[in-house]
Amino acid sequence: MLTQAQTTRPGTRLRHVLLVALVAASTAIPGARACTVYGKGWGSKWDNPVWPNNAVITWSFMTPGVGLGPSAPPAWSGTNTLGTGAGNDIRVLIDNVHGAGAFDAAVLRAFATWAAAANLQFTQVADQGGDFGTVTAPDIRIGAFSFGAGDPAGGAGFGPPGDDINFPDPLAGDLALNDLNNFNIDPGNEGDPLQTGPGGIYLNDIEGLLLHEIGHTLGVGHTRVTDAVLCGYLAPSFNGQLCDYTHVNRVLEADDLNAVRNIYGPAPPPDGDISFDCTVDAADALLANRILLGLLAPNGAQFTRADVASPLGGALPAPDGQITMSDLIAIMRKGLRDITF
Ligand SMILES: [Zn+2]
């Protein structure tokens, strides 16, 4: 669960560096627990339960108005407000400020970032109905309910079936936003201070929050690496207050990447499909061109998929950590069916 930012704390850079080093060391052990999981992690995975193996995961927006099953946290109340079109529908609240489709686009970006990070594929499907925590298909279902009074969490995500925390399996993959909280699509870039709203509270950035909660639904537990996406509270003994909730955080850190790759394996090589339509064509070349001209700031997934070539040439793909003319040319040639990779 990601807690709404409430305080500003000094950075803990040294701790971060040390923990990353520990994580790097631990990942050399086959089957080692992902990243820095404190207490019990989520720890299970979709599809083949053996780590690491790929997964093809279905997800849906939960049917508006469905209720809370007996396994849902007892303090929660209400019915799913996401998609109702009512005044407390988070999609409506976001789209009213940021334009039609803005909420869904932020959700899709969050999925795309995880898909680019590990050997994962996501497919959006129609929801089949059923209360929160009662049905197991689609794999991940996203809704919004009222968390307990005074609960500052922006959302909650439950891991795949058989998770280490022993959540009842009907909860597997269910993800709820707290419709009593405050949300936004922050205008800042990675690392910028989060915008504050009425009362001086930090507004939950939808993309960053969903990135965190989707991480849980994939089986990744909390870490205390300060600027990791999966930094979070777990138990009173766990000092999640080290987590940086006050800045835009939409980029997976080494700790997050180690965690998800331990479970699902690394993502396949970049293919140039920046538009995520499963083909490389003029649309991808256009997007690459806009990135190159500085007209489009790529999200993590787009960057990973666009970084196909090195200026030094060689066999493709050859990611070099930057988007250059070489990437644009390679994507254009692939779109023209002149080359394949
Ligand atoms: Zn969390």
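Given H placed on each backbone N at 1.01 Å, which residues far from Ile57 in sequence or on other chains put an amide H within less than 5 Å of it?
Gln121, Phe122, Thr123
Could you check what % of the DSSP bridge pairs in the stretch 100-238 are antiparallel, to the nearest 5? Write out the running numbers ahead of the final one.
Values: 4 of 12 bridges.
Looking only at bridges with both residues in the stretch 100-238, the antiparallel portion is about 35 percent.
How do Val50, Val107 line up, fewest other C-beta atoms within 10 Å first? Write out the running numbers ahead of the final one.
Numbers: Val50 8, Val107 20.
Fewest-to-most Cβ neighbours within 10 Å comes out as Val50, Val107.
Once you have the Cα-Cα distance between Gln195 and Ala282, take 0.36 nm times their residue separation minus that, and quote the gain in nm to one decimal.
Working: separation 87, 0.36 × 87 = 31.32 nm, distance 3.61 nm.
My answer for the length gained is 27.7 nm.
Count the DSSP beta bridges whose two residues both fall in the stretch 82-178, then state the antiparallel fraction as a percent rounded to the nearest 5.
40 percent
Please sort by residue number the chymotrypsin sites (Phe, Trp or Tyr not before Pro) in the stretch 158-215 whose DSSP state is loop and whose Cβ has at most 11 other Cβ atoms within 10 Å. The partial results should precede the final answer.
On the way: sites: Phe158, Phe183, Tyr202; in loops: Phe158.
Nothing satisfies the criteria.
Could you give the length gained on full extension between Leu336 and Asp104, defined as 0.36 nm per residue of separation minus the Cα-Cα distance, in nm? Display every interim value, and only then the final one.
Values: separation 232, 0.36 × 232 = 83.52 nm, distance 3.11 nm.
Gain on extension, Leu336 to Asp104, equals 80.4 nm.
Here, each number is a calculation from the coordinates, and none is a lab measurement. Computed from a predicted structure; not experimentally measured. Reconstructed Cβ throughout: ideal geometry from the backbone, glycine too, with neighbour counts over all protein chains shown.
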